[in-house]
1. Express the accessible area of the chain per residue in Å², computed with a 1.4 Å probe while the remaining protein chains stay in the model.
2. Multiplying the sequence separation of Met124 and Glu150 by 0.36 nm and subtracting their Cα-Cα distance, what value in nm do you get?
3. So which aspartates and glutamates pass the test for Lys75, namely a Cα distance under 16 Å, with those fewer than 8 places away in the same chain ruled out?
4. Rg/Rh for segment 41-121 to two decimals, with Rh computed the Kirkwood way over all alpha-carbon pairs.
5. Straight-line reach from Lys145: which lysines fall under 28 Å, measuring Cα to Cα and dropping same-chain residues less than 8 apart?
6. Obtain the nm distance between the two label points defined at Gln190 and Leu101 by a simple spin-label model: each point lies 7 Å from its Cα along the Cα-to-C-beta direction.
7. Which of Ala160, Ala48, Ala38 moves most in a GNM of the chain, Cα contacts under 10 Å?
8. I need the shape label for the chain. Rule: rounded when a/c is under 1.5, else prolate if a/b > b/c, else oblate, with a, b, c from the alpha carbon gyration tensor.
Amino acid sequence: MRESADAPARILLVDDTPTNLAVLSASIQDQGWTTLFATDGETAIEQAEYAQPELILLDVMMPGIDGFETCRRLKSNASTTHIPIIFMTSLSESTDKVQGLKLGAVDYITKPFQQEEVVTRVEMQLKLHQMNQQLERKNGLLNKKVVQQEKTEQQLQQLAQELEQRVQVRTAELTKVLEDLKQTQVQLVQSEKMSSLGQMMAGIAHEINN
């Protein structure tokens, strides 16, 4: 990954022909971009894993593993799958281009190179790559906010449940107190009635005696 947004873009050039590498490097360095080099697929994979370039220009026809297989391995590797790949080829067959695009390539540059075409295609893919990275960062921040919001909602739900339980317990306690109070009132009324009745009976007995 680049150390900062202002650092020059690093582009990995993969070609088994030194002349092609020299021509590409001259075109790219004129734009202020930094170039890395590999002359075979195995080295390209190692370079991509270590340097994490913003873009790879990959030759199709190479000794050892060809560009298609190199692309397949890069795209199947979690640490390099995000790096855009532009194929460089003299092949004109549309089936070859389709195969490369199916493997994950984003574009093709046809040999012999036209400097203006190379610069334009590279610049376009770098801009797209930068936009994708910004989008991923924003998505990451959004996901963090969503997770935090879900956590807050869970905490609020838990607090609401605890509050409801406390209300239920308090309601039950108040209900019992109210029932006890009613029972006490009934007992007091009955006691007052018995006291009044006793006083009345005593008065009647006194009158009879008189």
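1. That works out to 67 Å² per residue.
2. On the way: separation 26, 0.36 × 26 = 9.36 nm, distance 3.84 nm.
So the chain would gain 5.5 nm between Met124 and Glu150.
3. Excluding near neighbours in sequence, the set is Glu42, Glu46, Glu49, Glu54, Asp59, Asp66, Asp107.
4. 0.94
5. Lys127
6. Between Gln190 and Leu101, the label points sit 9.5 nm apart.
7. Comparing Ala160, Ala48, Ala38 in the GNM, the peak value goes to Ala160.
8. The shape class here is prolate.
The values are calculated or read from the model by the stated rules, or taken from the named source; none is laboratory data. The structure presented is a predicted model; accordingly, all values stated were derived computationally and were not measured. A quick note on method: Cβ atoms are made from the backbone with ideal geometry, for glycine too, and the neighbour counts reach across all protein chains shown. Ligands, DNA and RNA are stripped out before the accessible areas are found, and what is left, the full protein with its side chains, is counted by its heavy atoms. Shrake-Rupley method; radii C 1.70, N 1.55, O 1.52, S 1.80 Å.
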